[in-house]
Amino acid sequence: MKRILLSAFAALTLSALPALADPMEVTPLSIVTNDAVHEFSVEVANDSEEISFGLMERESMDADKGMLFDFNPPREPGMYMKNTLIPLDMLFIAEDGYVEMIARNTVPGSLRTISPGVPVRAVLELNGGLAAELGILPGDTVQHPLFGNTVAETPAE
C-alpha cells in the first residue's frame, strides 16, 4: 500500500511539472567574432509555451548546444532563471543578427529580470561562461535563418 501511495504521489508530482507537447525544432547557428566562427546546434523556441519553459529543469547542456528564443516581432524581453538549474550566458540579438548585449553567467533559480533595455528579435542561451571562453562580444554577428544571414564566413585576418 505504501509503495502504491508513493507511486501515485510521484506520478502527480511529475505531471505537475510543465512539459512541452512536441520537441522544438533544432537548427544550426553560427556566431562570427573578430577571429573565428563558432558553430552550434540550437533548439528554436518560437511559441509562448516554448518561450516560457525554455531550458527549465535541464541538468546540463552540451557545449555546442543552445536555445534560441524568437520574439518576432522584436520586443524588449524580460528573461529570468526560475527553475533553471544551470548557469547561462544570454545573448540579446537585433533583427539583423547583431549581438546587442550579453548577460554572462546568469544565476540558476534567480527571479531577477534580465533585459537589454532595447527591443531585440531574439535571445540565444548558451552554457554560462562560454561566451567569454570563445571571445564572443557585443557587436559580433549571429548567423541563422531567423536573421536572414545563413552563410558563415571566417573573418579576414
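The set of residues in region 89-141 that are surrounded by fewer than 16 Cβ atoms within 10 Å (Cβ to Cβ) and in contact (Cβ under 8 Å) with a residue 60 or more places away in the chain comprises 135, 137.
Name the residue that is surrounded by the fewest Cβ atoms within 10 Å (Cβ to Cβ), counting only residues in region 54-67 that are out of contact with any Asp or Glu (no Cβ under 7 Å at 6 or more places or on another chain) and hydrophobic (A, V, I, L, M, F, W, C). The extreme case among them is 63. Within region 51-93, being in contact with a Phe, Trp or Tyr (Cβ under 8 Å, 6 or more places away or on another chain) and not aliphatic (A, V, I, L, M) holds for 54, 64, 65, 66, 77. So, residue 68, is that one within 13 Å of the chain's Cα centre (by Cα), in a loop (DSSP other than H, G, I, E, B) and closer than 15 Å to residue 26 by Cβ or not? Considered against the rule, which asks whether it is within 13 Å of the chain's Cα centre (by Cα), in a loop (DSSP other than H, G, I, E, B) and closer than 15 Å to residue 26 by Cβ, residue 68 comes out as no.
Laboratory data are not the source of any read-out in this text; all were calculated from the coordinates shown. The model shown is predicted, which means the values in this text are computed figures rather than measured ones. Glycine also receives a Cβ, built like all others from the backbone with ideal geometry; neighbour counts cover every protein chain displayed.
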